[in-house]
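Undergrad: First the structure, which I've put down as structure tokens, then a few questions once you've had a look.
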Amino acid sequence: MKRRELIKSLGLAAGTLAVSNIAEASATVPAEKKKKVLKVAHITDVHIRPEHNAVARFKKCLEMIKKDKVDLILNGGDTIYAADYANITKDRVEQLWSCWKESVEVVKGIPMHHVLGNHDMWWQGKGDELYGKPGVLKMLGIAHNYYSYSQNGWHFIMLDSNHSVSPGMLDDEQWNWFVQEVEKNTDKNILIMSHYPLLSCTGITDNKSDVRGPFKIGGGSNHTDVLKFIEVFNKNKNVKICLSGHIHLLDKVWYNDVTYMCNGATSGFWWEPGDDGKSAYRQTVPGYTLLNLYNDGTFDSEYVKYEMNT
């Protein structure tokens, strides 16, 4: 049974444009000394819920990740189905998080790092322990909504894209922290993860056309402060990869030696029948991404379509 598709060329990728797929970064280590230092699984937009057999299907995904023998799992947000809607009760929020906790028992023992998605926060229970961002942090077992850590020569920066005024940007406090994180880790290769894409072409293909085409992209599709990020990256060439999700589409943009990967949703079409009659959203099927990270700052990646039968 063929279950993996390795994206190897420019062009169309899983229903949206891939501007580049170079596994790439400027080499800083002699080729003969290049070695893989980490294997990472990136899941995003799990939107776990009791309906549509989602728990069993997600467990299947995690069983495959476990067999892949990864060193760590990165969870890109929108972990639960939708806590942010006005009609959501505490009972429902607890039910969703219960589904998550049951599922991830499959990969117990594999380190997992998270960012917050826009649908994770419950805004109806002000004063409750599950309210807002603190409630999500409690359920995920993390101390802060943005943070960093280092492993095997790579520095991982986990961002919170959920600005209180505009989606897809950082507030001043987080921005200043981010710049400092980049500048004080120049001796390491840097991977950044956010829920909203910093830079992606999926916002074009996921947008409605008018007479000028579907080219007006809002903060829900790309970070509105992306030009500030690019300026920092141009000064710090050790930034290699920016991971995201949110759009449920799959693309890879290579711009100024930085690779921006917007990966497909683990839930596909929110676990529901999609435009293929199964679970695809605009031809992007449910999946997760495997990344091999090397000591010279290069990497390779593979989008695993875990529900495909061929």
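Undergrad: Scan the stretch 223-232 residue by residue and report those that are in contact (Cβ under 8 Å) with a residue 40 or more places away in the chain and either among the hydrophobic types (A, V, I, L, M, F, W, C) or part of a helix (DSSP H, G or I) (or both). Spell out the reasoning first.
TA: Residues of the stretch 223-232 in contact (Cβ under 8 Å) with a residue 40 or more places away in the chain: 223-225, 228, 232.
Correct list: K228, V232.
Undergrad: Based on this model, can you work out whether H155 counts as open to solvent by 40 Å² or more (accessible area, probe 1.4 Å), in contact with a Leu (Cβ under 8 Å, 6 or more places away or on another chain) and outside any helix (DSSP H, G or I)? So that I can check it myself, show each step before the final result.
TA: On the way: open to solvent by 40 Å² or more (accessible area, probe 1.4 Å): no; in contact with a Leu (Cβ under 8 Å, 6 or more places away or on another chain): yes; outside any helix (DSSP H, G or I): yes.
It is false that H155 is open to solvent by 40 Å² or more (accessible area, probe 1.4 Å), in contact with a Leu (Cβ under 8 Å, 6 or more places away or on another chain) and outside any helix (DSSP H, G or I).
Undergrad: Let me ask something else about it. Residues in the stretch 31-87 that are surrounded by 14 or more Cβ atoms within 10 Å (Cβ to Cβ), among the acidic types (D, E) and either part of a helix (DSSP H, G or I) or touching an Asp or Glu at 6+ places or on another chain (Cβ under 7 Å) (or both): how many?
TA: The total comes to 2.
Undergrad: (1) surrounded by 14 or more Cβ atoms within 10 Å (Cβ to Cβ); (2) modelled with pLDDT under 95; (3) closer than 22 Å to H47 by Cα: which one isn't true of I217, the others all being true?
TA: With respect to (1) surrounded by 14 or more Cβ atoms within 10 Å (Cβ to Cβ); (2) modelled with pLDDT under 95; (3) closer than 22 Å to H47 by Cα, I217 is out only on (3).
Undergrad: Right, next: Of everything in the stretch 137-152 that's free of Cβ contacts under 8 Å to residues at least 24 places away in the same chain and not hydroxyl-bearing (S, T, Y), which residue is surrounded by the fewest Cβ atoms within 10 Å (Cβ to Cβ)? Can you show your working first?
TA: Taking the stretch 137-152 and keeping what is free of Cβ contacts under 8 Å to residues at least 24 places away in the same chain, we get 137-138, 141, 143-144, 147.
From the residues that got through so far, the ones that are not hydroxyl-bearing (S, T, Y) too are 137-138, 141, 143-144.
Values: L137: 16, K138: 13, G141: 9, A143: 6, H144: 10.
The selected residue is A143.
Undergrad: Check F269 against each of (1) open to solvent by 20 Å² or more (accessible area, probe 1.4 Å); (2) in contact (Cβ under 8 Å) with a residue 24 or more places away in the chain; (3) assigned to a loop (DSSP other than H, G, I, E, B); (4) touching an Asp or Glu at 6+ places or on another chain (Cβ under 8 Å) and name the one condition it does not meet.
TA: Going through (1) open to solvent by 20 Å² or more (accessible area, probe 1.4 Å); (2) in contact (Cβ under 8 Å) with a residue 24 or more places away in the chain; (3) assigned to a loop (DSSP other than H, G, I, E, B); (4) touching an Asp or Glu at 6+ places or on another chain (Cβ under 8 Å) one by one, F269 breaks only (2).
Undergrad: Follow-up. In the stretch 287-303, is there at least one residue being under 22 Å from G117 (Cα atoms) and in a loop (DSSP other than H, G, I, E, B)? Steps first, answer last, please.
TA: Looking only at the stretch 287-303, we keep the residues that are under 22 Å from G117 (Cα atoms), and these are 287-291, 303.
Applying the additional criterion that residues be in a loop (DSSP other than H, G, I, E, B) yields 287.
Yes: the stretch 287-303 contains one or more residues that are under 22 Å from G117 (Cα atoms) and in a loop (DSSP other than H, G, I, E, B).
Undergrad: Test each condition in (1) open to solvent by less than 10 Å² (accessible area, probe 1.4 Å); (2) without any contact (Cβ under 8 Å) to a residue 60 or more places away in the chain for P197 and report the one that comes out false.
TA: It is condition (2) that P197 fails.
Undergrad: Within the stretch 88-127, take every residue that is of a type in the set (K, R) and outside any loop (DSSP other than H, G, I, E, B) and give me the one that is surrounded by the fewest Cβ atoms within 10 Å (Cβ to Cβ). Give the derivation first.
TA: Initial filter on the stretch 88-127 (of a type in the set (K, R)): 90, 92, 101, 108, 126.
Applying the additional criterion that residues be outside any loop (DSSP other than H, G, I, E, B) yields 90, 92, 101.
Details: K90: 16, R92: 19, K101: 12.
Per the stated criteria, the residue is K101.
Undergrad: While we're on this one: Applying the selection to the stretch 250-259, what residues are closer than 14 Å to G76 by Cα and outside any loop (DSSP other than H, G, I, E, B)? First the steps, then the outcome.
TA: Of the stretch 250-259, the ones closer than 14 Å to G76 by Cα are 250.
Across the stretch 250-259, there are no qualifying residues.
The values are calculated or read from the model by the stated rules, or taken from the named source; none is laboratory data. What you see is a predicted model, and the numbers here were worked out from it, not measured in a lab. Cβ coordinates were reconstructed from backbone atoms using ideal geometry, including for glycine residues, and neighbour counts include every protein chain displayed. Protein only, heavy atoms only, side chains kept; ligands, DNA and RNA dropped before computing areas. Shrake-Rupley method; radii C 1.70, N 1.55, O 1.52, S 1.80 Å.
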